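One structure is given below, encoded as structure tokens.
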Amino acid sequence: EIVGETCHLLRTASWFHEHRKTVAREGGMSLILEAMSRYRDSVTVQRHGCGCLHALSWSTECKDALVSWHEKDGEGGIFFIVMSMMYYPEDVDLQQQACS
């Protein structure tokens with residue numbers, strides 16, 4: 001699934017400081033959150049989405065953006081992390097990334 005692999009790529013890139021800034025500047029966080037919203041039934045998207053958000057959260061600006069991000073129907077960034085944890089309680093990697 002291409003969306004899951006894209007989330008994985010963004011997750012990996014976001015662990016590097018110089019790439020983290022680029023991912024954030026180019027709207028990567030919104031793309032991840034939108035993918036997590038659209039593909040709630042994909043554990044791969046949810047796992048790598050949480051991992052990417054974890055990596056991005058090392059930046060104060062990204063962390064603030066995650067907390068304040070809202071979808072048009074009012075669901076925020078933290079909501080998608082919590083929903084991922086509830087949908088996939090057995091996925092250890094997802095749980096670790098979501099709690100970090």
- Can you run down the residue pairs with Cβ atoms below 6 Å, 6 or more apart or on separate chains, where the first is in the range 8-28 and on the phi < 0 side of the Ramachandran plot and the partner is of a type in the set (D, E, K, R) and assigned to a helix (DSSP H, G or I)? Ser14/Arg20
- Which residue pairs have Cβ atoms under 8 Å apart, sit 6 or more places apart or on different chains, and have a first residue in the range 62-83 that is on the phi < 0 side of the Ramachandran plot and open to solvent by 50 Å² or more (accessible area, probe 1.4 Å) and a second that is polar (S, T, N, Q) and modelled with pLDDT of 75 or more? Lys63/Ser57
- With the condition kept exactly as written, say whether any residue in the range 9-17 is open to solvent by 80 Å² or more (accessible area, probe 1.4 Å) and of a type in the set (A, V, I, L, M). yes
- Note on the structure: By residue number, the members of the range 21-45 that are open to solvent by 30 Å² or more (accessible area, probe 1.4 Å) and either in contact with a Phe, Trp or Tyr (Cβ under 9 Å, 6 or more places away or on another chain) or of a type in the set (Lys, Arg) (or both) are Lys21, Arg25, Ser30, Arg38, Arg40, Asp41, Val43
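The values are calculated or read from the model by the stated rules, or taken from the named source; none is laboratory data. Owing to the predicted nature of the structure, the values given are computational and were not obtained by experimental measurement. Because the Cβ atoms are built from the backbone with ideal geometry, glycine has one as well, and the counts that use them run over all protein chains shown. Protein only, heavy atoms only, side chains kept; ligands, DNA and RNA dropped before computing areas. Shrake-Rupley method; radii C 1.70, N 1.55, O 1.52, S 1.80 Å.
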